[in-house]
Amino acid sequence: MRFDVVTLFPELFAPLLCAGITRRAFESGQVEVKLSNPRDHASGNYRRVDDRPFGGGPGMVMMAEPLSACLREIEAKRGAKAPVLLFSPIGRRLDHGTVQRWADSEGAVLICGRYEGIDQRFIDTHVDEQISLGDFVLSGGEIAAMALLDAVARLQPGVLNDSDSHQFDSFNPALDGLLDCPHYTRPEHWQGMPVPEVLLSGHHLQIERWRREQRLALTAQHRPELIAQARAAGRLSPQDEAFLSSR
């Protein structure tokens, strides 16, 4: 799996690639990350990669040619064309299903825009998919690219200390797409607040039912649309429905 990242600021990716649990995926080569700077493909003494927008307006726009030349070099090194992703406010919001799809893939080229955006002609010619983190604007695509890389890396075998850990993440199909339940650890009492008794009982069926009900309650409170999706997919049991009706 190889991800080529096109960015004007490759130095921003150093902490992601060498720190934290997910570094295992990058150090082992399970997720190979290559950084390319379009400025290296710009012409002129100043290696310009941006210019004023036609029609006027504030800000600058990334030029198509440096990006295109950068992409050509990447494809030559890869030996084949790869999907090209652009992080953009108009893209589909990143979710677990999208992360899983790319975690199961052979990788892609990630384009990190800057300034007011990228010349639309580059997008029309080269970009296969656009992705957004949400309804807000970042100063560039680098944080969004790191979010995707981190999420993909932690799904690789052997990256997490417990290989099954990610199966119990929020939004995972193993939890029927629900939010995860609350978690507790030592001490049993902290600032007058005890751990729920059921978690100390040793009764595994009761513990699992408590966790299921907590997931249902949290999801119904904070993300009710996920309850509706789980219901439509037939993932809620009669016991689940009874619990939701009793709240």
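The values are calculated or read from the model by the stated rules, or taken from the named source; none is laboratory data. Quick caveat, the model's predicted, so the values are computed rather than measured. Every residue, glycine among them, receives a Cβ derived from its backbone with ideal geometry; neighbour counts consider all protein chains shown. These accessible areas exclude ligands, DNA and RNA; they are computed on the full protein's heavy atoms, side chains included. Shrake-Rupley method; radii C 1.70, N 1.55, O 1.52, S 1.80 Å.
Could you please tell me the mean projected area of the C-alpha convex hull for region 1-140, averaged over all directions and given in square nanometres to one decimal? List each step's numbers first, then the result.
Details: hull surface 37.5 nm².
Averaged projected area of region 1-140's Cα convex hull equals 9.4 nm².
On a per residue basis, region 1-155 carries 52 Å² of accessible surface, using protein heavy atoms and a 1.4 Å probe.
Compute the accessible area per residue over region 168-234, keeping the other protein chains in place, probe 1.4 Å, unit Å². Numbers along the way, then the final one.
Working: 4470 Å² over 67 residues.
Per-residue accessible area for region 168-234 comes out at 67 Å².
Here Thr125 sits with roughly 100 square angstrom of accessible surface, probe radius 1.4 Å.
With the contact rule set at Cα under 8 Å and sequence spacing of 6 or more, what percent relative contact order holds for region 21-136?
Values: 142 pairs, mean separation 33.4, N = 116.
29 percent.
Note down the net charge around Cys181, summing +1 for each Lys or Arg and -1 for each Asp or Glu among other residues with Cβ under 9 Å from its Cβ. The answer is +1.
Between Rg and the Kirkwood Rh of region 117-247, both from Cα atoms, what is the Rg to Rh ratio?
Working: Rg = 19.8 Å, Rh = 18.3 Å.
Result for region 117-247 is an Rg/Rh of 1.08.
Surface listing: Leu218, Leu71 arranged by accessible area from highest to lowest gives Leu218, Leu71, probe 1.4 Å. The separation of region 182-247 from region 68-121, counted between C-alpha centres, amounts to 38 Å.
Computed over the chain, the Cα gyration tensor eigenvalues convert (square root of 5λ each) into semi-axes of 43, 20, 17 Å, ordered from largest to smallest.
Hey, with R₀ at 25 Å, roughly what FRET efficiency would Ser201 and Arg223 work out to, going by the Cβ-Cβ distance, to 0.05? The partial results should precede the final answer.
Values: r = 29 Å, r/R0 = 1.15.
For Ser201 and Arg223, the calculated efficiency is 0.30.
Can you compute the charge dipole magnitude of region 105-247 about its Cα centre, using +1 on each Lys and Arg Cβ and -1 on each Asp and Glu Cβ, nothing else charged? Give it in debye, rounded to the nearest 20. Could the numbers behind the result be given before it?
Details: 12 positive and 21 negative charges, 107 e Å.
Charge dipole, region 105-247, about its Cα centre: 520 debye, nearest 20.
Charges were assigned to the Cβ only: +1 to each Lys and Arg, -1 to each Asp and Glu. The resulting dipole of the chain about its Cα centre is roughly 100 debye. Taking every C-alpha pair closer than 8 Å and separated by at least 6 residues, the mean separation divided by the residue count of region 133-247 gives a relative contact order of 17 percent.
Computed on protein heavy atoms with a 1.4 Å probe, the accessible areas place Phe171, Phe54, Phe87 in the order Phe54, Phe171, Phe87, largest first. When each full DSSP H helix of the chain is screened for a Cα extent of at least 20 Å along its own axis and an average Kyte-Doolittle hydropathy of at least -1.0, the helices passing are 64-78.
For the chain, what's the relative contact order in percent, using C-alpha pairs closer than 8 Å and at least 6 residues apart? Kindly include the intermediate steps, with their values, before the conclusion.
On the way: 337 pairs, mean separation 43.2, N = 247.
After rounding, I find 17 percent.
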